[in-house]
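Every number here is computed from the coordinates shown, using simple stated rules; none is lab data. These numbers were taken from a predicted model, which means no experiment stands behind them. Virtual Cβ from ideal backbone geometry, glycine too; neighbours counted across all protein chains shown.
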Amino acid sequence: MVNTFHTANIPSTANTIAPNDIILQTKGLTKEFLGFAAVSGVNLSVKRGSIHALIGPNGAGKTTVFNLLTKFVQPTSGTITFNGTDISRESSIQVARRGMIRSFQISATFTHLTALENVRVALQRKRKDSFNFWSSEARLDVLNDRAMALLEEVDLASFADTVTVEMPYGRKRALEIATTLALDPELMLLDEPTQGMGHEDVGRVVALIRKVSANRTILMVEHNLSVVESLCDTLTVLQRGSVLAEGNYATVSSDPRVLEAYVGVEA
């Protein structure tokens, strides 16, 4: 994890946001496991069209919040609203169909399929015969043009026929973004998209996220603070499952509570 904050002259994004501009909101979001509150009373508002980051030290509850938002885990209490609709008790499938799509920390591609085939699998979701596994593979050829367009969008056209297991790690993460885009997300949730990458791959993925954010909203968990500074409009800092601070990078990076949480500097 990159632990060093440095301030930048970035305009504030902490102004009041009109309700119609909020795509995702939580109120009092809480998850308890056997009496332990992994997430406690989290109030979160994600502005439509923004790139919003959840940051915090290890164990702060970031991934648990992601799991709650995408309904891999049901909240103990609190509400989750997406596009004005309460989705607090919906299933993960229902949430995905509404347009909230996530990636994971661990690579989630089909390793023995090509990059093109991986994207075609994602595109099948919209087909009524998407689970008809006994039909000829040739029926999927109609998806090739759209699959190639998505690969081109994430700069992977030259890897179309490459088996995924043979692709560099950074390119695999780009492929995951392509498969996420295949589901036409309105809100993309990216869980540590640059984790484990070298400097060159980090730069490539940052540029890619910036590119695909056009006309979309992105909520991301990220440990690399230079990535957060470069990309994100708003940061929400979690500590021990609760919101510690929120604002743009300049505001958050100068907050003594955040410095103490990250690097042990006393407020």
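Output wanted: per-residue J couplings in Hz (rounded whole) for the range 166-179, from phi through Karplus 6.51 cos²θ - 1.76 cosθ + 1.60, θ = phi - 60°, x for Gly and Pro.
3J(HN,Hα) across the range 166-179, in whole Hz: 8, 8, x, 4, x, 5, 4, 5, 5, 5, 4, 5, 5, 5.
In terms of modelled amide H atoms, which long-range or inter-chain residues lie less than 5 Å from the amide H of Leu235?
The answer is Ala53, Gly247, Asn248.
Under 18 Å from a point 7 Å along the Cα-to-Cβ line of Arg48: which residues of the range 58-84 have their amide N that close?
81-84
Could you tell me the extents of the range 133-266's C-alpha atoms along the three principal axes, largest first, rounded to whole Å?
Largest to smallest, the principal-axis extents are 63, 29, 26 Å.
Could you work out how far the C-alpha centroid of the range 35-93 sits from that of the range 196-215, in angstrom?
24 Å
Starting from the amide H of Gly56, placed 1.01 Å from N in the peptide plane, find each other amide H under 5 Å away whose residue is 5 or more places distant or on another chain.
Those qualifying (amide H under 5 Å, at least 5 residues apart or on another chain) are Leu238.
Using modelled amide H (1.01 Å from N, peptide plane; none on Pro or chain starts), what sits under 5 Å from the amide H of Thr162, excluding residues fewer than 5 places away?
Ala115, Leu116
Which ³J(HN,Hα) values, rounded to whole Hz and listed in residue order, are derived for the range 77-89 from phi using the Karplus coefficients 6.51, -1.76 and 1.60 in 6.51 cos²θ - 1.76 cosθ + 1.60 with θ = phi - 60°, glycine and proline given as x?
Going residue by residue, I get 7, x, 10, 10, 10, 10, 6, x, 10, 6, 10, 4, 10 Hz, with x marking Gly and Pro.
Karplus couplings for the range 235-250 from phi (6.51 cos²θ - 1.76 cosθ + 1.60, θ = phi - 60°), rounded to Hz, Gly and Pro as x?
10, 10, 9, 9, 9, 6, x, 10, 6, 9, 7, 8, x, 7, 4, 4
If you take the beta carbon distance between Asn144 and Asn83 as r and set R0 to 25 Å, what does 1/(1 + (r/R0)^6) give as a FRET efficiency, to the nearest 0.05?
Efficiency at R0 = 25 Å is approximately 0.20.
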